[in-house]
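So the structure is just underneath, and the comments pick up after that.
The values are calculated or read from the model by the stated rules, or taken from the named source; none is laboratory data. Computed from a prediction, not measured in an experiment: that's the story for all the values here. Cβ placement follows ideal geometry from the backbone for every residue including glycine, while neighbour counts extend to all protein chains displayed.
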Amino acid sequence: MHINKGKTLSQCISDRTDYAINPEKTNNGELISSYACDHRSLDAEFALAKRQYRHFTGKEEKNDVIAYQVRQSFKPGEITPEEANQIGYDFASRFLKGKHAFIVCTHIDKAHIHNHILWNSTTSDCKRKFRNFYGSARAVARLSDLICTEHQLSVIQNPQRGGTSYSKWKGFKGKPSHREALRIAIDEALEQKPHDFEAFLALLEEAGYRAKQGKHIAFDHDGFKQKIRMHSLGEEYDEDAIRAIIKGQKIHQPKKRRMVWDANRPQSIIDIQAKLAAGKGEGYRRWATVENLKRMAKTKLYMDEHGFSYEAMAERKSELSAKEKELSAKITEAQNRLAEINVLKTHIVNYSKTRDVYVAYRKSGYSKKFLEEHEADIIIHKAAKKAFDEMGVKKLPTVKSLQVEFAEQLTSKKEAYAELKKVRDELRDLTVHKANYEELRDLEEREKRKEKEHGRE
């Protein structure tokens, strides 16, 4: 990162750090950790270090490098945001050997969790600078891979020179384009062996894709800006090909990239009358009738396997909802404490490093001359004291005790996340089955009333 023409040093630093520390990407700043600096005043602290460097060395460099940045990405589903942040912190600590202030910002706004690691080009003692060396990029990659391997995480095998697209990373399934998503939905519909084209369209509608009849069939979706014509998806996905596949005249050859359809996930009962009123035909009615029987059978099987009555399902749903709230609160509490520990640990280190200087400053009668000579250390010391006051800390804990607590909180949060996922999966399935049972019960009651009315006639 260099100084841009027409901008101050602080402006240039802010321009580059605002994206990294964006609250929307870092869970409101909870996924930011730092060493020898505070991300809230990063521009001022980095700029101050530069001024102190010029003061100590007398050097004034052109095109001076402000800071360095490394991006570290992880395979989706393998790691929690907190673990990613800790790994980024471990990497920066080992690579920089405690000589440079740095921040680690973990972003969770993409399909893949990734870190933005930024460090000051000037050392913390303001007397030296970080210099890129021959093979530094390779050294960064090797250390990152080593730490990931230590944590049993995936690494890119045999990366190609010039970098590897993240979407080509083994095992990665990023967000597909609208066309690709539609192709995947078609693949999944065909896997269910629809008996005719109407049933095929019905399956797509269940997936959120609404067919628009015209000269050419086009599909609409809530996420689409414009309709996608079927014939534009490729020969394997046009109307003639799909009709031939359904009739058994052609074997479907889907794209290699596939999303797994979970056939075991319960689905809600279809409101056939509403669909017919909306214009669905006889083919859809036949398919939906059979499909509803399958879904009802799954609900009955689910209730038998778990020994559930309707009342027991309602009670279990209440229990799961309460458990979900409890676990969410526990995770939030752990997140807050982890963030607090990181901030506290940084300020304790800064406070200890600058304590002697501040004591001398106080003994000097708060001399202006002394302040000018030790401005950086005094500012950092004051910032630490202010932070302790704001956090209500009266007796400073040891860094070691904070590290132990951090590990405990991280483990607790990871376990809570795993339990929360199980609870939400069960709650999702239970909610669908409960609604299906209610629909089945109402249907049976309607049939009984019809029989009684028929008997009176």
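How many residues does the range 80-106 hold that are touching a helix residue (DSSP H, G or I) at 6+ places or on another chain (Cβ under 9 Å) and in a loop (DSSP other than H, G, I, E, B)?
1
Let me confirm something: among S93, S34, which residue is surrounded by 22 or more Cβ atoms within 10 Å (Cβ to Cβ), of a type in the set (G, A, S), within 22 Å of V349 (Cβ to Cβ) and more than 13 Å from the chain's Cα centre (by Cα)?
The unique qualifying residue is S34.
For the structure I just gave you, tell me whether Y351 is within 24 Å of E30 (Cα to Cα), among the aromatic types (F, W, Y) and either modelled with pLDDT of 90 or more or surrounded by 17 or more Cβ atoms within 10 Å (Cβ to Cβ) (or both).
Yes: the conditions hold for Y351.
Across the range 4-22, which residue is modelled with the highest pLDDT among those that are in contact with a strand residue (DSSP E or B) (Cβ under 9 Å, 6 or more places away or on another chain) and not hydroxyl-bearing (S, T, Y)?
The residue in question is I21.
Step by step: first the residues of the range 107-124, then only those that are outside any strand (DSSP E or B) and in contact (Cβ under 8 Å) with a residue 12 or more places away in the chain, then the one that is nearest to the chain's Cα centre (by Cα). Which residue is that?
Only one residue fits best here, namely I108.
Of the conditions (1) at pLDDT 90 or above; (2) closer than 18 Å to S41 by Cβ, K369 satisfies every one except a single condition; which number is it?
Of the numbered conditions (1) at pLDDT 90 or above; (2) closer than 18 Å to S41 by Cβ, the odd one out for K369 is (2).
Which ones in the range 69-90 are within 20 Å of R131 (Cα to Cα) and either at pLDDT below 85 or buried (at least 19 other Cβ atoms within 10 Å of the Cβ) (or both)?
V70
Could you figure out which of (1) touching a residue at least 40 places away in the same chain (Cβ under 8 Å); (2) of a type in the set (S, T, Y); (3) over 23 Å from Y89 (Cα atoms) isn't true of S364?
(1)
With S93, S73 as the choices, which residue is of a type in the set (G, A, S) and closer than 21 Å to C37 by Cα?
Answer to the selection: S93.
Go through (1) closer than 19 Å to S136 by Cβ; (2) without any contact (Cβ under 8 Å) to a residue 60 or more places away in the chain for Q69 and report which single condition fails.
(2)
Name the residue that is nearest to A44 (Cα to Cα), counting only residues in the range 376-427 that are among the small types (G, A, S), surrounded by 13 or more Cβ atoms within 10 Å (Cβ to Cβ) and under 21 Å from the mean Cα position of the chain (by Cα).
Among residues in the range 376-427 that are among the small types (G, A, S), surrounded by 13 or more Cβ atoms within 10 Å (Cβ to Cβ) and under 21 Å from the mean Cα position of the chain (by Cα), the one nearest to A44 (Cα to Cα) is S412.
Which count do you get for residues in the range 205-230 that are at pLDDT below 85 and in a helix (DSSP H, G or I)?
2
What number goes with the only condition from (1) out of contact with any Leu (no Cβ under 7 Å at 6 or more places or on another chain); (2) buried (at least 20 other Cβ atoms within 10 Å of the Cβ) that K110 does not pass?
Answer for K110: the failing condition is (2).
Check K345, K353, K414 and return the single one that is assigned to a helix (DSSP H, G or I) and either of a type in the set (S, T, Y) or in contact with a Leu (Cβ under 8 Å, 6 or more places away or on another chain) (or both).
K345
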